[in-house]
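Participant: Right, I'll just put the structure down here and ask away after.
The values are calculated or read from the model by the stated rules, or taken from the named source; none is laboratory data. Computed from a predicted structure; not experimentally measured. With ideal geometry, Cβ positions are generated from the backbone for all residues, glycine too; neighbour counts draw on all protein chains shown.
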Amino acid sequence: MGRVSDASGAVIPGVAITITNTNTGVGSQTETNGEGIYTVSALPVGLYRVEAKKEGFKTAVADHIDLGVAQQVTIDLTLQIGEIAEKVTVTSETPLLETTAEIGSAMTDRVFHELPITIDEFNGRQPQTFIFSSLPGSTGNSFSGSINGGQLFSHEVLVDGIAIARYDISGGSISGFNPSVEAIGEFKLQANNYSAQYGESQSGIVSFQMKSGTNELHGNLYEYHRDRLFNAAGWRVNTSAPNGVDAAGKAIRAQNVQNNFGGTVGGPVFLPKVYDGRNKTFFFFSYDSMRVVTKPRGSLMTFPTSDQLEGNFSRLLDLSNQIGVDALGRPIFQGAIYDPATTRPIKNGAIDPGTGLVATQDGFIRDAFGFNPVTGAAFPGQANIIPQSRWSKVSGNIVPFYKAVPRINDNLFRNLARSGTNGPYLHINTVSIKVDHAFNDKHKFSSMFNYNDNPGSNGVVFFGGGPIGLDQSQHITGRMARVSEDWTINNHWLNHFGLGYNRFANPNVSKVFEEDWAGQIGLTGASSAHFPQSNFGTFCFSPSELRLGCIGSTSGTFDASESWIFLDDMSYTFGKHQLKWGGELRRYRDNHREKGSTSGVFNWSNNQTSLPSFQGTYGAGLFETGWPFASFLLGTADMAFRTVIPTQVGVRQGLYVLYFQDDWRATPKLTLSYGLRWDIPTPRGEVFDRMSSFDPDVPNPGAENRPGALVFLNGLGRGSFQDRYYREFGPRFGVAYQLTSKTVLRGGYGITYAPPIANAWCCNNTQGFNSSIVVSHSTPDPRFGSAPNPWDPVLQWDNGIPPYSGNLPNTDSASENFDRSGNFVDWLRRDSLRQPYVQIWSLGVQRELPLDSVLEVNYVGSKGTRLIASIFSSAVNAAPTKFMSMVDSNGNALVNKTFGDLTPSDWTVLNSFGVKDKPYPSFPNDVPIAQALKTYPQYAGINDVYPNFGSSNYHSAQVSWRKRPTHGLTFIASYTFSKTLTNSESGHTYHKYGSPYSGYYNITQWPESRHLEKSVADFDIPQALKLTWVYELPVGRGKKFLNQGGAVDKIFGGWKITAVQNYLSGSPLVFSSYIPAAISTGPYGRGHWATRPDMIGDWSGVKGSVGGPLDPGGTPYLNVPLEPDAQGCKGPFCPVPTTADGYALHPGNAPRVFGNIRGPGKMFEDFGIIKGTRINERINLEFMTNFFNVFNRHGFGNPDPVVDSPTFGRILNPAQGPRTIQFVLRLNF
C-alpha cells in the first residue's frame, strides 16, 4: 500500500498503479482512490517493482521492493510534472520502519541457510530454529518452546497462509509435517498485535511461505554431514567412557552419523512447442532426505546369565549362608529356588506325607530344586537347577531369543549395555511441489503439496534378541495440501479463497506388529499384535541395574489426525481505510486404532519360586529365596493382563471463525488498526456416539446411589458431552505513529483464543466400550480358582490367557467403580468447550539507525486465562491434603488402614477430621481409608480431559537491533528481560507430570488450593542475549581488497563467517524430597513417590555459585550444608515431617518452582565458515563448516534437586554436549 502525491504534497487520485514481480513477470493493477491511497493485497513473497502513471506527470518507478510473508509494506510515491513517457526511477528498498502496530520478525531463506543450523536428530533442520535462537521473547526449542510467556505448544503455525491444525497438539510443533527448509522462501514470527485475521494461538503466529518458481530455472543440490570422527569426545566420554575403550585404552565416542541431502528445482512450466509458461505458470519441486544412525551406549542393565538360560541358578545359591529353617526343620539357604508344584500347607505337629517329617510350626512348605526333600541337603551338581522337562513350553520357545542378545559380560548383574537413545535409527524423506498460475491480472491460482515420510525406531532399550526387544516402529507420515485463488475484482475489491488439508499419521507399534508371535511361541488367548511382554520388577524403559530387564513391546497404536480448512477473505480499500473481513471453517478428524497390550503382559516374581515367608530382598539385587527368571522358566506368573478393545473411536470437532479488520491511515503519520474476531468452536463428538464420561450428578447404583457415575453419549440424545459456547470474542486494537522520518511509536492490545482440540495423546472416553482381562491374586483365573497368597502362581501361561467373560459395550453406570476393577474414568465437563484465551499487549518504539539498521524497544505483556492445566487433570478425585496428618495410636498413617482394622481411638481421630462413617454403607471394609476420603470414593481416579482453570502472567522488556544484508554484514541482536508466572507450563498431556524443563517432579500438591501452585514458570529465563550474524569478508571481485577475478577471486573471495550465540540466565529450580505421601494428588490423584520439602526460616540467602571444575562426584553449587542436621535439614531445606511408618504428614510448603534459586547460566555458541565459489554466472558452489559449541564448553547443568540425596545442591552433569562439526556442500544454480 502507499500514498501518491505531487511535489507540493497534495494527494493525486486516479493514478494507475502496476505492481510487478520482477522474478516472474506477473503483475497486478490498481489505482489510487480519492485520498491518493492505493492497496494491493495477497501478493506472494518476492521482489517487486511499483510503477505509477497519470497524464501530465512523469511515470514514477520504485524498484527492488522485497516483500516478505505476512508483511504490509508502505511505498509512498511522488509524481513530478512532465510527460507520461518520461520515467523517474528510484531504488527503493523495503522500508526498515513498520507503520503498523504488529511486532514481528522475518528471515529470508538465504540468511537462514548461511546460519549454523544443526541437523535435529528427529526432524532434520528445523525451520522454526531461528525463532528460539535469534528472536526476543522466545525460550525453549522448536518442539515445545514458549513465545512471550505462552504455554508450550501454543503458537499457531501457518504454511502458505493456512494452519497445520493438528488435533493432538494445539500448536508450536510442526514435527511430522516439516517441509524441507530448502522449500521455504521466507520465515516470519508475528509476535504481538497481529490482525484479527489471525488467531488460534496463545502467543505468536509463525508463517512459512513455500518457494515458487520464477522465469529462470533455478535450484540446488546439497549434502549436510555429521560424524563422530570430527566431534570432540566431551566430558562424559572423557570421565566415564560409557561406550567403552579401544585397544589403546582411549575412550570411544558414540556412533553418530547424520546425513541430510537433497535438491530443489524451480522455474516456468515450459514444454517445447507445446506450452510456454513464462510470466504465468511456474513450479517448484523439492526433495529432502535425512539418514541418522546414533548409538550411544547407556548405563548397564541386567539380563539372565548364560547358565540361567540353561536352567542353572546355582550362582544365586549360597550354601554357606543358612538363613533359617522351614516348618519341617529343613535348612533354608539364601538364594535357593523352590518348586511351586510342591507347595502344601502344614500344621504344627502334623506329619508331612511327602517326607514323613513332623512339622514344628504352622505354615506353607515347598521343596527346593536339587535338594534332598527329607534332609534339605543339596545334591551335588543338581542344586538350584531346573530340569528342562519342567520348563514351560512357552518359556522354552523364548529362551533362544534371549541367547541372541549380546552381553558385555556374564556377571549376575550389569551384564548388558543399554542403548543410550531410544531412537537409534531415523529416515526422513520429504517431497514438496508448488504450482502457481496467473490466468490474467485479475485471477491468480496457487497450489502446494508436501509429503513427509518418517520411518524411525522408538523405545529401544537394548539391541539384539529378535522379537523380544522393546523396539517400536514409529512410521510417521505427514501430508499437507494447499489451494488458493486471488480474484482482483476491481481497484478496490479483492477476494482470497484458500483450501487446506493436513493429515498426520502416527503409528507407534511393536517392531514385530501383527506377526503373531504369541501364536509362534505357543501362547493362546492373545492377539497377534505384538510379542507378549514380560516384566521382572522394574520399569521397562528405565530399568534398575539390579533387576532383570523387560522383554516384548506392547505398542500397537495407530492415530491419524486430519484437518480440513476453508477460508475466504475480502479486502476493500475505501478512502484512508483498508478493510478486511472473512471467515474460516476448520473440521478436525482424529481416528484412533489401538491394539496395545492385546497380546498380553505378564509379571514374573521371585515369589513363585521362593519358600513362603522367605521372599524378601537380600542384599543388592538378591532375594532370600526364589528368582524371577526361574518363575519365568516354569511359566508361573505373578500377574497377567491383556486389553480387550473392540471399539476403535473416531473423534470429530470443528471451528467457525468470522473476523473484521480495518487499517485506517488517519494521517500520513498515524495509522490505527482495529478489528474483532469471533471464534465458535463446536463440541467434541464421536462419529457413532461411542463415548462415555463421568457425570458428578448422576447417582451411582454401585455406591448406594452416591452422586458420580459413568454416563454414555449414545443414551443421552445429544451429540457431545460439551455444551456449545458462543462467547469467544477477540478484539484487536493497534496504533502506529511516525514521530519523525526515522522514529515510529507503536502499541496495541488484543485477545486471542486457543483452538478446540484434544491437545493430548490420551483420553478417548472409551470406558465401558473397551475393557481388559486381569489375572491377579485379587482377580483369579476363573478356570483354575483363587491364588490368594503372594507366592501362589496366578496363571500358568502354557494354559493361555483366559477369555474375556463380560459383554461390551457395558453401559452399567457403575461398571468402572474401583471395586469392580475400574481404574480411571474420563470426565468431559459440560463447560469444557470454553477455550483458553490470552490478552496480549505491547508498547514500543522503532528507530532507524545508520548502516541500514533499526533499533526496536518494546514492553510486551500477556495474561492467560482458562489455560489447560494438565497438571491438575488427575487431581479431581484427590483426597484433601488435611487427611495426611491423621495418625493412629502408634503414630502410623491412619489413611493406610481399612475400616475393618479401625479401633475406637482411630474413630476418635477420624471424627475430629469430620469423618463419621464410611462414605456409603457398602464401601468395602478391606480397602484403605485413603480411597474413602476421595471426593468420589467410588472411583480410583478421574481424569479431567479439559481442565481449563490455569492462568499465567508475562511481562517483558524486549530490545532488538536488526541490520539489513548490506555492506557484507547482516545481524539480529536481541535482548529480553522477562518474568513468567503460571500454574501450568503446558496444556499438553505429554507434560502432565511436569514440563521437560524441570522434570517429572513438577506436579501439583494442593488440589484444593490451585492458587498455591502458581509460581515462576519452569521455562522462565529472566535475561536472554541472542546474537545472530553473517559477515562476508571484503575480499575478492567487487570487494575492497583483492578486487580481482580469476584464481585470486576463487581462492580469496567468497568467504563468510556466521554465528548464532545465546547467553542465558539460569533456569529456575524445582526441589523435591523422596518421602512418599499416603494420600496426595500425584500424577493419578493417589500417593506419590516424592513431595516438596518444607522451607524453614529465612531462605532468601540461598544462592548458587559454581564451586570448581565439573566433578563426577558433584561440584558444589548451592550454599547449603552437604550433611543434614539433627532434624534432617540442609540449611532451610527440610524433609516434611512423617508418620511413624514414613509417610508425609503434609505437603511441603516449598513453591512449585523457585524463581529466586536458579541453576547456572548457559552459553550456546555456534559458528560457521562459508566458502563460496562462482563457477559461472548461473552456478556457484558453497562449502560450509559449522562448529556447534565451538569452544567445547561443557557448561554446568542444574544441581541435584532432591533434598534427601547425598549430592543435593551439587552439579553432577554438564549443561551441553561436546563440540560437534557439520560439513555442508551446496551447489546452487
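Participant: Can you pull out every residue in segment 302-331 that is of a type in the set (A, V, I, L, M, F, W, C) and touching a Leu at 6+ places or on another chain (Cβ under 8 Å)?
Facilitator: 303, 316, 328
Participant: Taking segment 696-706, which residues are more than 12 Å from residue 815 (Cα to Cα) and touching a Phe, Trp or Tyr at 6+ places or on another chain (Cβ under 8 Å)?
Facilitator: Within segment 696-706, 696, 704, 706 meet the criteria.
Participant: Give the residue that is surrounded by the fewest Cβ atoms within 10 Å (Cβ to Cβ), with candidates limited to residues of segment 611-640 that are assigned to a strand (DSSP E or B) and at pLDDT 95 or above.
Facilitator: 639
Participant: Among the strands (runs of 3 or more DSSP E) lying completely within segment 667-714, list those that include at least 2 residues that are buried (at least 18 other Cβ atoms within 10 Å of the Cβ) and touching a Leu at 6+ places or on another chain (Cβ under 7 Å).
Facilitator: Correct list: 670-681, 692-700.
Participant: Any residue that is in contact (Cβ under 8 Å) with a residue 60 or more places away in the chain and loosely packed, with under 14 Cβ neighbours inside 10 Å - is there at least one of those in segment 325-340?
Facilitator: no
Participant: Could you look through segment 289-324, keep only residues that are of a type in the set (Ser, Thr, Tyr) and surrounded by fewer than 16 Cβ atoms within 10 Å (Cβ to Cβ), and pick out the one that is nearest to residue 358 (Cα to Cα)?
Facilitator: Within segment 289-324, the match that is nearest to residue 358 (Cα to Cα) is 320.
Participant: Now for a different question. Answer yes or no: is there a residue in segment 209-219 that is surrounded by 24 or more Cβ atoms within 10 Å (Cβ to Cβ), within 21 Å of the chain's Cα centre (by Cα) and among the hydrophobic types (A, V, I, L, M, F, W, C).
Facilitator: Looking through segment 209-219, none of the residues is surrounded by 24 or more Cβ atoms within 10 Å (Cβ to Cβ), within 21 Å of the chain's Cα centre (by Cα) and among the hydrophobic types (A, V, I, L, M, F, W, C).
Participant: Can you pull out the residues in segment 911-943 that are out of contact with any helix residue (DSSP H, G or I) (no Cβ under 7 Å at 6 or more places or on another chain) and outside any loop (DSSP other than H, G, I, E, B)?
Facilitator: Within segment 911-943, 911, 912, 932, 941, 942, 943 qualify.
Participant: Which residues, counting only those in segment 571-589, are among the hydrophobic types (A, V, I, L, M, F, W, C) and either crowded, with 17+ Cβ neighbours inside 10 Å or in contact with a helix residue (DSSP H, G or I) (Cβ under 7 Å, 6 or more places away or on another chain) (or both)?
Facilitator: Matches in segment 571-589: 579, 581.
Participant: Within segment 510-558, work out how many residues are in contact with a strand residue (DSSP E or B) (Cβ under 9 Å, 6 or more places away or on another chain), outside any loop (DSSP other than H, G, I, E, B) and without any contact (Cβ under 8 Å) to a residue 60 or more places away in the chain.
Facilitator: Number satisfying all stated conditions: 4.
Participant: Quick one: how many residues across segment 514-545 are surrounded by 19 or more Cβ atoms within 10 Å (Cβ to Cβ) and either within 30 Å of residue 483 (Cβ to Cβ) or touching a Lys or Arg at 6+ places or on another chain (Cβ under 8 Å) (or both)?
Facilitator: 6
Participant: Go through segment 1019-1036 and count every residue that is among the acidic types (Asp, Glu) and outside any strand (DSSP E or B).
Facilitator: 1
Participant: Related question: Here are the criteria: (1) in contact (Cβ under 8 Å) with a residue 40 or more places away in the chain; (2) more than 17 Å from the chain's Cα centre (by Cα). Tell me which single one residue 169 does not satisfy.
Facilitator: With (1) in contact (Cβ under 8 Å) with a residue 40 or more places away in the chain; (2) more than 17 Å from the chain's Cα centre (by Cα) applied to residue 169, the lone miss is (2).
Participant: Follow-up. Could you list all residues from segment 401-439 that are under 27 Å from residue 519 (Cβ atoms), touching a Ser or Thr at 6+ places or on another chain (Cβ under 9 Å) and surrounded by 17 or more Cβ atoms within 10 Å (Cβ to Cβ)?
Facilitator: none
Participant: Residues that are among the hydroxyl-bearing types (Ser, Thr, Tyr), crowded, with 17+ Cβ neighbours inside 10 Å and touching an Asp or Glu at 6+ places or on another chain (Cβ under 7 Å): does segment 378-400 have at least one?
Facilitator: yes
Participant: Which strands (runs of 3 or more DSSP E) does segment 1138-1229 wholly contain that include 3 or more residues that are modelled with pLDDT of 95 or more and touching a Phe, Trp or Tyr at 6+ places or on another chain (Cβ under 7 Å)?
Facilitator: 1162-1174, 1220-1228
Participant: Pairs only if they're at least six apart or on different chains, beta carbon under 8 angstrom, first in segment 1-22 and within 18 Å of residue 575 (Cβ to Cβ), second of a type in the set (Lys, Arg) and part of a strand (DSSP E or B); list them, first residue then second.
Facilitator: These pairs meet every condition: 11/3; 15/53.
Residues checked against (1) within 20 Å of residue 792 (Cβ to Cβ); (2) more than 53 Å from the chain's Cα centre (by Cα); (3) assigned to a loop (DSSP other than H, G, I, E, B):
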site: 321; (1), (2), (3): no, no, no
site: 329; (1), (2), (3): no, yes, yes
site: 332; (1), (2), (3): yes, no, no
site: 348; (1), (2), (3): no, yes, yes
site: 353; (1), (2), (3): no, yes, yes
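Participant: Please name all residue pairs, on different chains or six or more residues apart, with Cβ atoms under 6 Å, provided the first residue is in segment 1030-1045 and is closer than 21 Å to residue 113 by Cα and the second residue is in a loop (DSSP other than H, G, I, E, B).
Facilitator: Here the result reads 1032/968; 1034/968; 1034/1040, each pair linking segment 1030-1045 to a residue that is in a loop (DSSP other than H, G, I, E, B).
Participant: Of the residues that sit in segment 860-883 and are within 30 Å of residue 826 (Cα to Cα) and in a strand (DSSP E or B), which one is nearest to the chain's Cα centre (by Cα)?
Facilitator: Taking segment 860-883 first, the residues within 30 Å of residue 826 (Cα to Cα) are 863-883.
When the remaining residues are screened for being in a strand (DSSP E or B), the result is 863-867.
On the way: 863: 23, 864: 21, 865: 22, 866: 21, 867: 17 Å.
It comes out as 867.
Conditions tested, residue by residue: (1) out of contact with any helix residue (DSSP H, G or I) (no Cβ under 9 Å at 6 or more places or on another chain); (2) of a type in the set (S, T, N, Q); (3) within 20 Å of residue 755 (Cα to Cα); (4) surrounded by 23 or more Cβ atoms within 10 Å (Cβ to Cβ).
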{"position": "116", "(1), (2), (3), (4)": "yes, no, no, yes"}
{"position": "129", "(1), (2), (3), (4)": "no, yes, no, no"}
{"position": "140", "(1), (2), (3), (4)": "no, no, no, no"}
{"position": "186", "(1), (2), (3), (4)": "no, no, no, yes"}
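Participant: What pairs can you find where one residue is in segment 716-737 and more than 18 Å from residue 675 (Cβ to Cβ) and modelled with pLDDT of 95 or more, the other is surrounded by 18 or more Cβ atoms within 10 Å (Cβ to Cβ) and of a type in the set (Ser, Thr, Tyr), and their Cβ atoms are less than 6 Å apart, with a gap of 6+ or different chains?
Facilitator: From segment 716-737, the pairs are 721/693; 722/832.
Participant: Have a look at 1178, 1152 and point out the one that is among the charged types (D, E, K, R) and surrounded by fewer than 20 Cβ atoms within 10 Å (Cβ to Cβ).
Facilitator: On inspection, the qualifying residue turns out to be 1178.
Participant: Filter segment 353-372 down to residues that are surrounded by 19 or more Cβ atoms within 10 Å (Cβ to Cβ) and either small (Gly, Ala, Ser) or out of contact with any helix residue (DSSP H, G or I) (no Cβ under 6 Å at 6 or more places or on another chain) (or both), then give me how many there are.
Facilitator: 7
Participant: Checking the conditions here, which among 608, 578 is within 23 Å of residue 395 (Cα to Cα) and not acidic (Asp, Glu)?
Facilitator: 608
Participant: For segment 14-32, state whether one or more residues are under 30 Å from residue 126 (Cβ atoms), part of a strand (DSSP E or B) and at pLDDT 85 or above. Before the answer, list the steps.
Facilitator: Residues of segment 14-32 under 30 Å from residue 126 (Cβ atoms): 21, 23-24.
This time we only want the ones that are part of a strand (DSSP E or B), so: 21.
Subsequent filtering for residues that are at pLDDT 85 or above retains 21.
Yes, the conditions are met somewhere in segment 14-32.
Participant: Could you grab me the full set of residues in segment 243-262 that are touching a residue at least 40 places away in the same chain (Cβ under 8 Å), more than 14 Å from residue 227 (Cβ to Cβ) and assigned to a loop (DSSP other than H, G, I, E, B)?
Facilitator: Result: 243, 244.
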